[in-house]
Amino acid sequence: MPSTDTVIIGAGPYGLSVSSHLTAAGVPHEILGNPMHAWRHFMPPGMFLRSEAFASNLYAPQRGYTMEAYCRQNHIAYEPVGMRLPLETFVDYGLWFQSHLVKHVRKVDVVGIHRKDGLFRLDLSDGKPLVARRVVIALGLKGFEQMPPVLQGLPRPYVAHSGEFGSLAWAKGKNIVLVGGGQSALGLAALLGEIGARVRILVRDGTVTWNDRPKLSRGIISRLLKPEGGLGPGWRSYIFSEYPFVFHELGSQRRKRIIETSWGPSGAWWLRDRVADDDIILNTEINHAEIKGNQVILGIKSDGKTSSIMAEHVIVATGFRVDMRQHAFLSQEIMDSLSVIGGSPELTRDFETSIRGLYVVGPASARSFGPVMRFVYGAKYTAPRLARHIGKCFLEDARSSRLTQSVVTPPEFVEGSGGSGLPGQPVFRNPQK
Ligand SMILES: Cc1cc2nc3c(=O)[nH]c(=O)nc-3n(C[C@H](O)[C@H](O)[C@H](O)COP(=O)(O)OP(=O)(O)OC[C@H]3O[C@@H](n4cnc5c(N)ncnc54)[C@H](O)[C@@H]3O)c2cc1C
């Protein structure tokens with residue numbers, strides 16, 4: 001059966017960044033998944049990134065693969081802060097990064113993972129299984145869509161989560177209710193309004209928070225007082241963006257509080273003029289929902305008054321909640337041994353779960369490493385840290401298997417094996433070579 005040292009599941013910004021670092025560290029590995037798939041298929045064309053351009057990189061150990069380098073090569077005007085970065089540019093950049101540094105990606109899905117005798121066996125959608133010592137899960141937000149209980153179970157296309165949409169062309173002329181008061185809801189409201197949909201936005205809070213337009217050039221005092229971090233300006237943001245290990249060192253309760261109460265929903269400055277205040281209904285709770293005829297009827301309580309509202313479609317933009325049980329390909333035995341808090345995996349400083357050799361990166365690691373992991377900026381810390389750790393484990397395993405060989409295996413077997421050289425062990429190969 002084909003085997004490798006490490007398998008990365010997922011080829012988004014995290015998986016691609018980790019792969020480029022593992023290649024540099026000389027670790028034989030495979031990376032599985034469709035490159036930038038979520039960005040290409042589950043985000044609406046015309047969307048701008050919420051993150052600043054300097055915080056929208058994929059990370060490679062070598063120079064020359066940043067968003068800035070990509071823009072320079074393609075004659076695209078680049079500003080680290082204050083630039084409106086189109087989704088399409090980010091997708092092209094990610095695919096360019098992959099075509100240069102992660103050519104070996106395999107466009108297959110993992111459909112099952114089992115663990116036996118310290119090794120992982122992966123079943124793939126192309127029917128060819130794979131064995132690995134280590135597995136890195138880099139699946140982004142997939143499967144974590146959060147839906148208010150009152151809307152659960154209502155059929156598509158009447159009710160759907162914002163994370164399910166790519167193109168919005170179908171929505172022209174439709175009457176749509178959006179639920180949520182953050183970037184996803186406000187961004188969709190702007191795009192839907194611009195293509196000719198009738199939009200209303202139901203917001204639970206009493207206000208919508210709009211981010212200020214960043215100052216393009218700031219003096220040294222201003223930068224000292226409020227340094228620019230991946231999560232936004234300010235010292236707190238800077239520390240949690242640049243040094244996620246600080247967050248990891250905090251107690252579990254403190255981490256939970258920070259994750260739940262900081263960096264709450266808000267809209268980017270460039271959306272402010274594209275969303276009409278009249279379309280936003282504040283202080284609103286949905287008490288009841290049903291489908292009648294071809295319409296969704298929502299029973300709502302807004303500012304203490306009850307009423308109902310009708311729409312052809314309801315799009316729920318209430319975010320994502322990590323729940324490892326949603327990764328249906330993990331075997332029951334793996335799920336039973338996986339230590340989780342509120343659905344999120346408990347991770348060591350090296351992103352390792354309670355199962356030896358199983359790692360989780362990206363948004364699913366936010367409970368351990370902080371809010372920066374919800375954004376691509378978190379890959380800046382994750383990729384080198386994880387590659388250093390896996391590189392060390394790989395060398396230790398290679399050393400101990402050489403030691404075992406010299407004791408139990410005749411020299412001619414070692415020479416001819418071409419792999420780990422251990423009888424009964426899989427041959428480990430490096431697809432990058
Ligand atoms: C609407 C929206 C806007 C956002 N805007 C921003 C922003 O402006 N800036 C920012 O930093 N973050 C933003 N985010 C968050 C961002 O999407 C995530 O932080 C980021 O994509 C995580 O990257 P990832 O590599 O972990 O996962 P993803 O980019 O989600 O990639 C997941 C990968 O897993 C693969 N995959 C899925 N299932 C399988 C399987 N069974 N087997 C193998 N492979 C599989 C997919 O093909 C894909 O390659 C946004 C999110 C949303 C929903």
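The values are calculated or read from the model by the stated rules, or taken from the named source; none is laboratory data. Predicted model, so just to flag it, every value in this text is computed and none were measured. Cβ sites come from the backbone with ideal geometry, for glycine too, and all protein chains shown count toward neighbours. Side chains included, ligands, DNA and RNA excluded: accessible areas come from the protein's heavy atoms. Shrake-Rupley method; radii C 1.70, N 1.55, O 1.52, S 1.80 Å.
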Legend entry - Backbone HN-Hα couplings from phi across the range 305-314 [Karplus 6.51/-1.76/1.60, Hz, Gly and Pro as x]: 9, 9, 7, 10, 9, 10, 8, 6, 9, 10
Inset, instruction - Taking every Cα atom in the range 134-193, find the radius of gyration and the maximum pairwise distance Dmax, and write them in Å. - result: 13.9, 50
Legend entry - Rounded to 10°, Cα long-axis angle of helix 183-194 versus longest principal axis of the chain: 60
Legend entry - At R0 = 30 Å, FRET efficiency that the Cβ-Cβ distance of D109 and K256 yields, to 0.05: 0.40
Legend entry - Long pairs among K142/K172; K215/K256; K174/K305, criterion Cα-Cα beyond 30 Å: K215/K256
Inset, instruction - Output the relative contact order of the chain, whole-number percent, from Cα pairs under 8 angstrom with separation of 6+ residues. - result: 22
Legend entry - Accessible surface, per residue, of the range 1-109 when the full set of protein chains is kept, probe 1.4 Å, Å²: 40
Inset, instruction - Select from G229, A387, N34 the residue farthest towards the positive end of the dipole of the chain; place +1 on Cβ of Lys and Arg, -1 on Cβ of Asp and Glu, and compute about the Cα centre. - result: G229
Legend entry - Nearest 10 degrees, 0 to 90: helix 252-261 Cα axis against the chain principal axis: 40
Legend entry - Computed over the chain, the ratio Rg/Rh where both radii use C-alpha atoms and Rh is Kirkwood: 1.01
Legend entry - DSSP bridge orientation in the chain - percent antiparallel, rounded to nearest 5: 50
Legend entry - Label point at K292 placed 7 Å out along Cα→Cβ; residues across the range 301-332 whose backbone nitrogen lies under 12 Å: 308-311
Inset, instruction - Report, to the nearest 10°, how far helix 379-408 tilts away from the longest principal axis of the Cα atoms in the chain, using its own Cα long axis and a range of 0 to 90°. - result: 20
Legend entry - Cα centre as origin, Lys/Arg/Asp/Glu Cβ charges: the chain dipole, Debye: 520
Inset, instruction - Run the numbers on the range 207-348 and let me know its relative contact order in percent, using alpha-carbon pairs under 8 Å that are six or more apart. - result: 14
Legend entry - Residues of type lysines that K116 reaches as a straight line, Cα spacing below 19 Å, ignoring anything fewer than 8 places off in the same chain: K128
Legend entry - Apportionment of accessible area to carbon and sulfur, the chain, percent (1.4 Å): 52
